[in-house]
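See structure below.
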Amino acid sequence: MGEQRRLTEQELHNLAMNIVGRELEADGFEFLAINSKPKKNPQYVCLKNKILHFIVVRNAKYPNNPREHNQELMRKVKDQANKFEARCYFAGVGLSNAANQELPVYLNEEYIVDYQGLIEI
């Protein structure tokens, strides 16, 4: 067995984005812009039913609640979305080690996903 390597913050963010992106694609969203930088918001700008959507993605480490969001950040993104007559969402993805949630998520090891869908802001 190889050496364990923790996923970096960027890798955890990318994993969360992939989880959300697959759901958006399955739900018929058309991607107009994707930004994988965690501090650059929103991560997704999408179109569905001729309506623009801004989606902020964040990964949450155990034991943090993935549905809790930074209200100040989301207010700023919502203000930006309003300028474009867009809807604004938060997508929190909980990621934890499957063997022991207290441990970090490691590369090529099982993990648990706690994602309950988009939260409209």
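Restricting the range 70-92 to residues that are under 17 Å from the mean Cα position of the chain (by Cα) and not in a helix (DSSP H, G or I), which is nearest to Asn49 (Cα to Cα)?
Top of the filtered list is Arg87.
Kindly evaluate Ala26 against the criterion of being at pLDDT 95 or above, loosely packed, with under 12 Cβ neighbours inside 10 Å and closer than 28 Å to Asn108 by Cβ.
Values: at pLDDT 95 or above: yes; loosely packed, with under 12 Cβ neighbours inside 10 Å: yes; closer than 28 Å to Asn108 by Cβ: yes.
Yes: the conditions hold for Ala26.
Pick out the one residue from Leu32, Leu103, Leu95 that is more than 13 Å from the chain's Cα centre (by Cα), surrounded by 11 or more Cβ atoms within 10 Å (Cβ to Cβ) and in a strand (DSSP E or B).
Numbers: Leu103 fails: in a strand (DSSP E or B); Leu95 fails: more than 13 Å from the chain's Cα centre (by Cα).
Going through Leu32, Leu103, Leu95 in turn, the sole match is Leu32.
Take the conditions small (Gly, Ala, Ser), exposed (fewer than 14 other Cβ atoms within 10 Å of the Cβ) and either outside any loop (DSSP other than H, G, I, E, B) or at pLDDT 95 or above (or both) and apply them to Gly117. Does it pass? Explain how you work it out, then say what you get.
On the way: small (Gly, Ala, Ser): yes; exposed (fewer than 14 other Cβ atoms within 10 Å of the Cβ): yes; either outside any loop (DSSP other than H, G, I, E, B) or at pLDDT 95 or above (or both): yes.
Answer is yes for this residue.
The values are calculated or read from the model by the stated rules, or taken from the named source; none is laboratory data. Source: prediction; values computed, not measured. Please note: Cβ atoms are built from the backbone with ideal geometry, for glycine as well, and neighbour counts cover all protein chains shown.
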